[in-house]
1. Pick from the range 69-93 the residues that are in contact (Cβ under 8 Å) with a residue 60 or more places away in the chain and within 10 Å of the chain's Cα centre (by Cα): which of them is nearest to Leu23 (Cα to Cα)?
2. Name every residue in the range 110-124 that is closer than 20 Å to Gly151 by Cα and surrounded by 16 or more Cβ atoms within 10 Å (Cβ to Cβ), in order of residue number.
3. From the set of residues in the range 70-104 that are surrounded by fewer than 17 Cβ atoms within 10 Å (Cβ to Cβ) and of a type in the set (Gly, Ala, Ser), which is nearest to Thr132 (Cα to Cα)?
4. Residue pairs, Cβ under 7 Å, 6 or more apart or interchain, first in the range 120-147 and in contact (Cβ under 8 Å) with a residue 12 or more places away in the chain, second of a type in the set (D, E, K, R) and surrounded by 13 or more Cβ atoms within 10 Å (Cβ to Cβ). List them.
Amino acid sequence: MWGILEGEGVVKRIPPALVKEFLGLPNLLTYARIVAIPFTVFFLMLSEKAVTGQDGRWYGFLALLLFSLAAVTDYLDGWIARAYQQHSLVGKFMDPIADKMVVLATLVTLVELRVIEAWIVVLILLREVAITGLRALATAEQLTIEVSEMGKLKTVFQLCGIVALLFHCAFAELLPPLPLDAQMLGKILIVISLFFSLISASFYFTKFVRAVVAKYEERQGKK
């Protein structure tokens with residue numbers, strides 16, 4: 001087994017159980033999502049050539065395919081973990097980070113390609129940074145705060161919106177003009193997801209404050 005250095009050069013073997021956690025199927029799917037990020041961004045940037053020829057459309061299709069597979073594995077790794085009792089500390093840490101990395105990297109690239117407005121992505125980014133900070137603080141204080149249904153709705157609309165925007169990047173030149181094209185549909189879905197994300201953030205902040213107050217009162221009662 002591999003070893004890790006601890007303290008002043010003391011070698012300690014990684015416990016087999018921890019290795020099993022790292023290499024569990026749900027975590028492997030999470031790693032795959034992270035690995036797919038640079039390829040998705042690369043193909044998406046090349047898809048800008050779609051206005052000049054077929055090659056660009058193929059790049060856009062590859063970006064759409066990779067992101068769609070990443071979205072599917074986001075659901076699949078959670079289902080496998082629940083169905084086969086493969087929950088792990090590694091998964092709890094890596095899964096939400098991988099989700100945010102995939103979504104934000106794709107959205108920032110879409111801003112660069114002028115497919116979606118920057119202010120929408122900035123608000124999404126600020127929300128994610130704020131909630132990540134609150135979750136880190138809650139973990140440090142050993143506070144348990146459940147994920148709201150609004151957060152789950154946010155994720156569904158967000159992923160569907162990005163898929164629509166990527167579809168626009170890949171096939172916009174092949175479709176006739178429509179009153180509601182894929183780009184406009186994607187923007188609408190992203191804005192709806194932003195609405196749910198801001199509401200879920202307010203719920204999370206409220207629950208966090210209540211948990212902090214309850215813990216403070218508990219400490220005061222023990223004195």
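Just so you know, all these numbers are worked out from the coordinates, no wet-lab data involved. On a predicted model such as this, the values are computed, not experimentally measured, just so you know. Please note: Cβ atoms are built from the backbone with ideal geometry, for glycine as well, and neighbour counts cover all protein chains shown.
1. Asp74
2. Correct list: Ile120, Val121, Ile124.
3. The extreme case among them is Gly78.
4. Cβ pairs passing all conditions: Glu128/Lys100; Glu141/Lys215; Leu143/Lys215; Ile145/Lys207.
Let's see how each residue does on (1) in a loop (DSSP other than H, G, I, E, B); (2) crowded, with 16+ Cβ neighbours inside 10 Å; (3) of a type outside the set (A, V, I, L, M, F, W, C):
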position	(1), (2), (3)
Leu126	no, no, no
Gln142	yes, no, yes
Gly151	no, yes, yes
Lys154	no, yes, yes
Ala172	no, yes, no
Ile192	no, yes, no
Phe196	no, yes, no
Gln220	no, no, yes
